[in-house]
Every structure is written in structure tokens, then in C-alpha cells.
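Shown next, in C-alpha cells, is the structure this report addresses.
The values are calculated or read from the model by the stated rules, or taken from the named source; none is laboratory data. Computed from a predicted structure; not experimentally measured. Ideal geometry is used to build each Cβ from the backbone, glycine not excepted, and the neighbour counts take in all protein chains shown. Keep in mind that these areas ignore ligands, DNA and RNA; they rest on the heavy atoms of the full protein, side chains included. Shrake-Rupley method; radii C 1.70, N 1.55, O 1.52, S 1.80 Å.
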Amino acid sequence: QGWMNAPTELKQDSVLELEIASNMLVERIDAVLAPIEKPVLLFSGGMDSGLLAARLAALGRNDAVLFHFSFGKYDAETCQAEAMARHFGVKLEICEGGDLNQLACLEEPCRIYPTPFADESTAAMFGLAGVVVEQFAGEGVTVIDGTGADGAFGMGAKVRRWMKILKIPKALRKMLGTPYRAGEWL
């Protein structure tokens with residue numbers, strides 16, 4: 001409400017500042033992406049990965065690959081990712097959900113998955129990482145995780161709940177965590 005009543009000069013200055021900030025952000029992203037050899041972007045088709053894919057396309061990166069995890073043929077995100085890849089003219093490779101070993105992160109729970117059940121995407125993302133490593137082994141690619149916000153939305157409350165564990169004295173936490181560290185939690 002207050003913004004609507006702001007003087008026109010303030011609105012114009014703010015738009016200019018927004019444009020300057022936007023240009024600075026694009027320049028910074030491009031400076032990071034430009035020197036990367038053979039980029040493979042973990043691509044959900046959402047805002048984060050979409051922005052990175054757009055910048056790779058704008059930089060003319062014909063060597064870029066968008067790597068998408070799909071929950072199946074009729075996955076709405078997969079349809080979106082395919083449309084975006086076509087629009088950007090960037091190669092898209094799709095990994096189907098059945099290709100993942102989603103339980104691999106539980107093989108060494110304390111080392112690989114130190115905060116159990118904090119993020120339900122951990123198992124799938126760990127499995128996806130394994131598929132990416134297998135698929136691009138020996139090709140000298142650089143993997144860019146464009147799925148940042150996908151796992152982050154709604155995580156604040158979950159992480160805060162898990163952080164309450166830190167109120168338990170360290171010695172007691174260590175004792176209670178012994179079975180987990182030993183892999184005897186199953």
C-alpha cells in the first residue's frame with residue numbers, strides 16, 4: 001500500500017536500481033558459467049535451474065547438457081523441462097525414477113546422511129548423483145546443481161525442529177548416536 005503512494009521519483013530510482021542489480025547478477029552468473037568445461041546442469045525446470053539454463057543458452061554453450069530427474073511419462077515438471085530445453089536449444093537428458101538407488105544414502109548413514117529425515121529429497125538426490133557420476137564418468141564434465149530451491153522450500157521449519165536436538169547435552173547425544181554411527185539403526 002505504501003509503495004503505491006510513493007513519489008514517482010522513488011519508483012523510478014528503485015526500478016533503475018533493480019535493473020542495475022539484475023545486470024550485476026547476470027554478469028556474475030555468466031562469469032561463473034563461462035569458463036566451466038562441459039557443463040551438466042541438474043535441471044528440474046524450475047526457477048533456479050531455469051535461470052542457469054537460460055544463461056548457458058545465452059552464452060552459446062552448445063556443450064551444455066540439462067540432466068533432468070523424472071517421476072514418469074506424465075510428470076508435469078518433465079513436460080516443463082522438455083519445453084524449456086527446446087526453447088533454450090540446449091540438450092536435455094532425462095533420468096527416470098526407476099534408475100535411482102534411492103536407498104544408497106542409507107548404506108553409510110552417519111557419513112552420507114548425517115541428519116536423518118531432515119529433507120525427504122536427500123535419498124532421491126543421492127541416487128541422482130550416483131546416476132550422474134555413472135552416466136558422465138570419464139567425460140571431464142562439471143556438474144552444476146540447479147536444484148537448490150527444490151530441496152530448500154519448506155526446509156526451514158524442518159531444520160529448526162531437528163536443531164532442537166542440539167539442546168540435548170553433547171555427551172548424551174553422542175551416546176544416543178552410537179547405534180546410528182555403527183549402522184545398527186535398522
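Summed over region 1-51, residues that are at pLDDT 60 or above, over 30 Å from Gly138 (Cα atoms) and in a loop (DSSP other than H, G, I, E, B) total 0.
Per-residue answers, yes or no, for (1) open to solvent by less than 70 Å² (accessible area, probe 1.4 Å); (2) without any contact (Cβ under 8 Å) to a residue 24 or more places away in the chain:
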| residue | (1), (2) |
| --- | --- |
| Met24 | no, yes |
| Met47 | no, no |
| Ala54 | yes, no |
| Leu66 | yes, no |
| Glu77 | no, no |
| His87 | no, yes |
| Ile94 | yes, no |
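Among the residues of region 27-45, those that are β-branched (Val, Ile, Thr) and in contact (Cβ under 8 Å) with a residue 40 or more places away in the chain comprise Ile36, Val40.
Here is a yes/no grid of residues against (1) in contact with a helix residue (DSSP H, G or I) (Cβ under 8 Å, 6 or more places away or on another chain); (2) within 30 Å of Gly60 (Cα to Cα); (3) modelled with pLDDT under 75; (4) not aliphatic (A, V, I, L, M):
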residue: Tyr74; (1), (2), (3), (4): no, no, no, yes
residue: Gly89; (1), (2), (3), (4): yes, yes, no, yes
residue: Cys95; (1), (2), (3), (4): yes, yes, no, yes
residue: Glu108; (1), (2), (3), (4): no, no, yes, yes
residue: Val133; (1), (2), (3), (4): no, yes, no, no
residue: Asp145; (1), (2), (3), (4): no, yes, no, yes
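Filtered by the rule that a residue be touching a helix residue (DSSP H, G or I) at 6+ places or on another chain (Cβ under 8 Å) and more than 23 Å from Ala129 (Cβ to Cβ), region 30-42 gives a lone residue, Asp30.
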